[in-house]
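The values are calculated or read from the model by the stated rules, or taken from the named source; none is laboratory data. Please read these numbers as outputs of a predicted model, since none were measured by experiment. Don't worry about glycine lacking a Cβ; one is built from the backbone with ideal geometry, like all the others, and counts go over all protein chains shown. Just the protein is used for accessible areas: all its heavy atoms, side chains included, with ligands, DNA and RNA removed. Shrake-Rupley method; radii C 1.70, N 1.55, O 1.52, S 1.80 Å.
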Amino acid sequence: MRTVFWQDGTVRLIDQTRLPSEFVILACHDWREVAEAIRTMKLRGAPAIGVAAAYGLALAARQSQAATPAALLADLEDAAAGLRATRPTAVNLAWALERMLRRALHPSPNRGGEGGEVAAIQTALLAEAEQMADEDVATNRRMGAHGATLIPDGARILTHCNTGALATVDYGTALGVMRTVHEQGKRLHVWVDETRPYLQGARLTAWELQQLGIPFTLITDNMAGHFMQRGQVDMVFVGGDRVAANGDTANKIGTYGLAVLAQAHGLPFYVVVPTSTIDLTIPDGAHIPIEERSPEEVTHFRGLRIAPDGVAAAHPAFDVTPQRLITAIVTERGIVRPPLDSNLRAIVEKRP
Ligand code: MRU
């Protein structure tokens, strides 16, 4: 099943905060509920956030009482601003909303009349969101096929956070590559970082790999260096939330440390992202906005205090891995190798 989908006039999503103990589908009847689900990480992962926001805008169009296209567009701009503000780092969010707003300006041929034009925009926006969802799955499968060529039989791969079906509409990015390798009948073993403080690795990646029957070992984040030093890791595969024009990549906090460790041990470090995650408008990682989340997410776990009352804590949700530490970036259009700046631009600007 898909992580996010449209059903009976509502946006449905798997509530990832309840996993792995409970599998609950949430129904959002208002675009503000979609925004809240993204902000509170009921749905997370860059590609999934983008498509959820697109469905959220389709919902906003349906909810609107606007009688004219101009009034509807104003309502859509408001909803897009609310959705865009939920999580600043994942560029897929802004990318998806811009694509939806463009579509609202140019809906398919309508049947004339002002009311008809409003209905045409509403119909076009839902169709666009559905298309983006389908494209996401197809894109992930293509990345899987490209990425799998980098993985020999019997590889031991370390990964961070969750980049699987749950982080996308379906199939996944970096985890999708491992899934393809498994489907090809090659053997692999995955080292799964638990990913403090939200535990996307322990809760979500472990849950997905278990269902797929892919062998894995769950480790805490601070164990990665130990297993690399012992020669038990062959390569690192991660996803990304925003790739700058020069290849610097923002991903879940802790990714940068893994890249440094990989380099220290001579291991390849691969990033798997759809081209919608590549932001050519910013020159390098220093320009990527890093989301600061509540310190309570560090001092507490599911409401349980794990640090003394009143301590200062920080929670940058992402860090930036400099391009010099990245061996290659896998996209749906192929594998991009250094020099990443010119090669990324070429692959993004190439017609699909
Ligand atoms: O805070 P999250 O869980 O949304 O962070 C997710 C990640 O960092 C993923 O690695 C990234 O979005 C790529 S997922 C396909």
### Task
Jot down the per residue volume, in cubic angstrom and as a whole number, of the convex hull over the alpha-carbon atoms of the range 1-90.
86
### Task
Would you work out which of L83, T139, G50 lies farthest towards the positive end of the dipole of the chain, given +1 charges on the beta-carbon of Lys and Arg and -1 on that of Asp and Glu, about the Cα centre?
T139
### Query
When only alpha-carbon atoms count, how far does the range 301-352 stretch along each of its three principal axes, as whole angstroms with the largest first?
54, 23, 16
### Query
How big is D, in µm² s⁻¹, for the range 196-352 by Stokes-Einstein at 37 °C and 0.692 mPa s if Rh is the Kirkwood radius over C-alpha pairs?
192
### Task
For the chain, return all DSSP H helices satisfying: extent of Cα atoms along own axis at least 15 Å; mean Kyte-Doolittle hydropathy at least 1.0.
46-63
### Query
Taking a probe of 1.4 Å, how large is the accessible area per residue of the range 150-293, in Å²?
33
### Query
Measuring with a 1.4 Å probe in the full set of protein chains, what accessible area per residue, in whole Å², belongs to the range 1-59?
34
### Message
Return the equivalent ellipsoid semi-axes of the range 262-331 as a descending list in whole Å, where each equals the square root of 5 times an eigenvalue of the C-alpha gyration tensor.
### Response
32, 17, 12
### Summary
Taking Lys and Arg as +1 and Asp and Glu as -1, residues besides R18 with C-beta under 10 Å from its C-beta add up to 0
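One quarter of the convex hull surface, Cα atoms only: what value does that give for the range 21-157 in nm²? All intermediate terms of the calculation are to be shown ahead of the outcome.
Working: hull surface 42.1 nm².
Its Cα hull, projected and averaged over all orientations, spans 10.5 nm².
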### Query
Computed over the Cα atoms of the range 125-205, what is the ratio Rg over Rh, Rh following Kirkwood?
1.04
### Task
List every residue whose amide H lies under 5 Å from the amide H of L188, counting only residues 5 or more places away in sequence or on a different chain, with H placed 1.01 Å from N in the peptide plane.
G154
### Task
State which stretch of the chain is the longest one without any exposed trypsin sites (Lys or Arg not before Pro), exposure meaning a DSSP loop state and at most 10 other Cβ atoms within 10 Å.
112-229
### Query
When the C-alpha atoms of the chain are aligned to their principal axes, what extent does each axis show, in angstrom, from largest down?
70, 52, 39
### Message
In Å and on Cα atoms, what radius of gyration and Dmax does the range 194-283 show?
### Response
14.2, 41
